[in-house]
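Here is the structure we will look at.
The values are calculated or read from the model by the stated rules, or taken from the named source; none is laboratory data. Quantities reported herein were computed from a predicted structural model and do not represent experimental measurements. Cβ atoms come from the backbone with ideal geometry, glycine included; neighbour counts cover every protein chain shown. What goes into the accessible areas is simple: the full protein's heavy atoms, side chains included, and nothing from ligands, DNA or RNA. Shrake-Rupley method; radii C 1.70, N 1.55, O 1.52, S 1.80 Å.
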Amino acid sequence: MNSLPLITSWLSLGSLEPHPNVTPSVIFGLGWLYLILFCMNVAWTWRSFHKGHHIDLPAFARGGHIPTAAIWATYSTVLMLVSLIHFSCASSPDSFWFIMPDFAKTAVDAVVADARYYFAVTTVGFVLMLLFRNWLAQPNIGWALLNLSLLFLTISLTDWDFRQIVGKPDNVPIVAMLFIVGFFTWVFFYRANENDRRSAQGRPPVEAENNEKVLTWPDLVYTEMICMIAVTALLILWGIALQAPLEEPASAVKTPNPSKAPWYFLGLQEMLVYYDPWLAGVVFPSVILGGMMAIPYIDFNKLGNGYYTFNDRKFAITTFMFGFMPLWIGMIVLGTFLRGPNWNVFGIYEFWDVHKLEALNNVNLSEYFWYGLGQPLPMAPAGSEFWTQAPYILLREAPGFLAIGFYLVALPGLMAGTIFKKFFVRMGFVRYMVFSNLVLMMAALPLKMVFRWAVNLKYFIAIPEWFFNV
Amino acid sequence: MPLKPPAAKDKKAAAGVDRRSFVALCFDPLVLAFGFMAVTSQVWVLALARFMFPNVLVEPPTAFKIGPASDYPLGGVSTKWLAARGVWIVHTDQYKGRNLIYALASVCTHLGCTPNWLEGEQKYKCPCHGSGFYVNGINFEGPAPRPLERVGLKLAADGQLEVDKSVKFQEEMGQWEDSNSFVDGSLA
Ligand code: FES
């Protein structure tokens, strides 16, 4: 009750700007977030203290070492101070200085607001993750990464546009999903590294050595029941706290701008930007499902059964993770946070301007080819029959047919003789063809994206007359 | 299943199904149950099929008048009929240099969302996957593989323009040359 006048006075103190970056309540809320971060880090400090880890200082600091707990304790203190700053400065948002600086916003936006950079960064990040998996999967590093991402999120919340996009009830679970995916990836590498180290020493994996069998009843069933109750409670709280975003009644002649698919379909929607509906909406999803079902029959690697490992299944894990992280999760993030009105790409700190202009003039491969030769597109005489038209159309699109034919028919053969030699020998012809075509189809999405971005390529084969565009 | 005496079985084996056992079979609970189920599901399917042909179709007539051509000056895209009828009335000289009035269906040729006409940018822009179309309806950006479709437009006897949504004209099929797909712009 007492806080009510206080809050209203804060509200009236807020500036008259329609989209204020910070308001008293935002600062107040962030103070709480930093306080939670502080508590988490106190717990971690306590854990480090009991583990007794320390970091060796480099030689110029005269050797010696400092305990990790000391570092975490210092960091926690800073968080505590930051939290206090928020609580004490909440009443004067105009002069509040602990915010995301503008140059950092510009820098981040410059990268993410361009699909090319965004895709390049996610792919490079993916490769770095694989290369530095041993270093990254240490508990202290994992904790530091979690802290960094939380800090980034928290300080970004001082931006109005960022709050709109992240705080939308639809998008809150996506933010949670990012952390969940990060966590499970980390757990995987942590366990896989352990087993890989063991196998390098000639020891059996953890799972084989500590083979603790437990009973279904009561051990498993109790665990399941507790999980069930916890999840139900979470869903109820969630349902109460975040209201379902209901919109105006649907109308056939008014499409919301932007129109977003449910989050789990945003990968497909992103695919639709680059491919024709029948490919991106029908063929590719079926290939994804069928391809996943085919994996057990394609896989000839007997290792990695029943235990975590990376080294024993390098190819399988890398391929799967590439499809899952940059191509699926990455596209969900792109669709959720970066796609704005008119399906343009916006930065996370950028205002969703309906009139943002992104001039694209997409060109088909056939147009590149024939105009490049200085010739007009082959065209049948006006008003001719289907059978007179067909050869002209096929001739017009011949470059595309050749390119696709090369990609799906000739390339598997070439790869069988070179990079996939071992695979071809182990798999036999049919299995190898299925495998290589699945891999190529998966690569077709990023390839098309790159072509679209680099040379504005619209379709390899474009036959709108027959609804056939690739 | 009721137990049958061994004699009956032998007879059946000899002469196939006789009349009495056929009647008995028809009243077998299992056969009855499956029979009812088959009949019920058939009725369901028929009812569903009937459902597809409603008694009353609450749809506006496909042909409607949109006022005199002078309502649509050169260089304008009218969104007047968009909400009710899903068409833009375009008066432009940007298609092959001819001064024409025509009606474009507001259905994106990619997956069927309704694009927005952006006056400032002079383009139709689809909010679903970002396809863009020039003022004349030709696609130029995003994934839409072909231009927006025209619907029928003619000059009615009373001097008004009349849109006919029951016919459509696709540019890539050369149908935009059809004189039913446009009206001479000099009428305006
Ligand atoms: S539906 Fe218009 S761009 Fe996909």
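Straight-distance candidates among the lysines for linking to A:Lys421, with alpha-carbon spacing under 24 Å and chain neighbours fewer than 8 residues away dropped: A:Lys302, A:Lys314. The residues A:Met415, B:Met173, A:Met433, sorted by heavy-atom accessible surface at 1.4 Å with ligands and nucleic acids left out, run B:Met173, A:Met433, A:Met415 from largest to smallest.
Chymotrypsin sites (Phe, Trp or Tyr not before Pro) within the range A:36-138: which are DSSP loop residues with at most 10 other Cβ atoms inside 10 Å? Here the sparse-neighbourhood loop sites are A:Trp97. Over the range B:46-188, Cα pairs under 8 Å with separation of 6+ residues give a relative contact order of 24 percent. Taking every protein chain into account, the 1.4 Å probe leaves B:Asp71 with about 80 Å² of accessible area, to the nearest ten. Of the two radii for the range A:203-306, the radius of gyration is 1.14 times the Kirkwood radius, both from the alpha carbons; that is the Rg over Rh value. The accessible area of A:Lys260, taken with all protein chains in place and a 1.4 Å probe, comes to roughly 70 Å². The range B:118-188 and the range A:385-427 have their alpha-carbon centroids 37 Å apart. Using heavy atoms of the protein chains and a probe of 1.4 Å, the accessible area assigned to B:Lys154 is about 110 Å².
In the structure shown, do any of A:Lys458/B:Lys80; A:Lys105/A:Lys356; A:Lys448/B:Lys165; B:Lys96/B:Lys165 have a Cα-Cα gap over 29 Å, and if so which? Over 29 Å apart, Cα to Cα: A:Lys458/B:Lys80; A:Lys448/B:Lys165.
In the range A:334-470, the C-alpha radius of gyration followed by the widest Cα-Cα span (Dmax) gives 19.9, 56 angstrom. Using the Stokes-Einstein relation with a Kirkwood hydrodynamic radius computed over Cα pairs, the translational diffusion coefficient of the range A:107-163 at 4 °C and a viscosity of 1.567 mPa s comes to 99 µm²/s. Look at the alpha carbon pairs under 8 Å that are at least 6 residues apart: their mean separation over the length of the range A:365-469 gives a relative contact order of 32 percent. For chain A, the longest principal axis of the Cα atoms and the long axis of helix A:24-51 meet at an angle of about 80 degrees.
If I fit a long axis through the Cα atoms of helix B:6-15 and take the longest principal axis of the Cα atoms of chain B, what angle between them do I get, 0 to 90°, rounded to 10? Tilt relative to chain B: about 60 degrees. When accessible surface is computed with a 1.4 Å probe, chains A and B are found to bury approximately 2300 Å² between them, both chains counted. Its Kirkwood hydrodynamic radius, worked out from the mean inverse distance over all distinct Cα pairs, puts chain A at 27.1 Å.
Treating the angle as unsigned and between 0 and 90°, give the value, to the nearest 10°, between the Cα long axis of helix A:139-156 and the longest Cα principal axis of chain A. That works out to roughly 90 degrees. Residues A:Glu224, B:Glu149, sorted by accessible area with the largest first, give A:Glu224, B:Glu149 [1.4 Å probe; ligands and nucleic acids excluded].
Solvent-accessible surface, computed for protein heavy atoms with a probe of 1.4 Å, shrinks by 40 Å² or more for the following residues of the range B:131-153 when the other protein chains are added to the isolated chain: B:Phe140, B:Glu141, B:Gly142, B:Pro143, B:Pro145, B:Arg146.
Please identify the chymotrypsin sites (Phe, Trp or Tyr not before Pro) of the range A:238-336 that satisfy two criteria: DSSP loop assignment and at most 16 other Cβ atoms within 10 Å. Which are they?
Here the sparse-neighbourhood loop sites are A:Phe300.
What base-10 log of the normalised intensity I(q)/I(0) is obtained for the range A:44-202 from the Debye formula, alpha carbons as equal point scatterers, at q = 0.11, 0.12, 0.14, 0.16 Å⁻¹? So the normalised log intensities work out to -0.67, -0.79, -1.05, -1.27.
Could you tell me the relative contact order of chain A? Use alpha-carbon pairs under 8 Å, at least six residues apart, and round to a whole percent.
Taking the mean separation of contacting Cα pairs over the length of chain A, I get 16 percent.
In vacuum, with every alpha carbon of the range A:21-99 counted as one equal point scatterer, what does the Debye formula give for log10 I(q)/I(0) at q = 0.18, 0.19 Å⁻¹? Two decimals, please. With one equal scatterer per Cα and no solvent, log10 I(q)/I(0) is -0.73, -0.77.
Inverting the pair-averaged 1/r between distinct Cα atoms of chain B gives 21.0 Å as its Kirkwood hydrodynamic radius. Averaging 1/r over each pair of different alpha-carbon atoms in the range A:142-248 and inverting the result gives 18.0 Å, the Kirkwood hydrodynamic radius.
Cross-link candidates for B:Lys154: which aspartates and glutamates have Cα within less than 16 Å, leaving aside residues fewer than 8 places away along the same chain? List returned: B:Asp71, B:Glu162, B:Asp164, B:Glu177, B:Asp178, B:Asp184.
Residues A:Met177, A:Met293, ordered by accessible area of protein heavy atoms at a 1.4 angstrom probe radius and largest first, appear as A:Met293, A:Met177. Annotation for the range A:114-165 versus the range B:17-48: alpha-carbon center distance of 65 Å.
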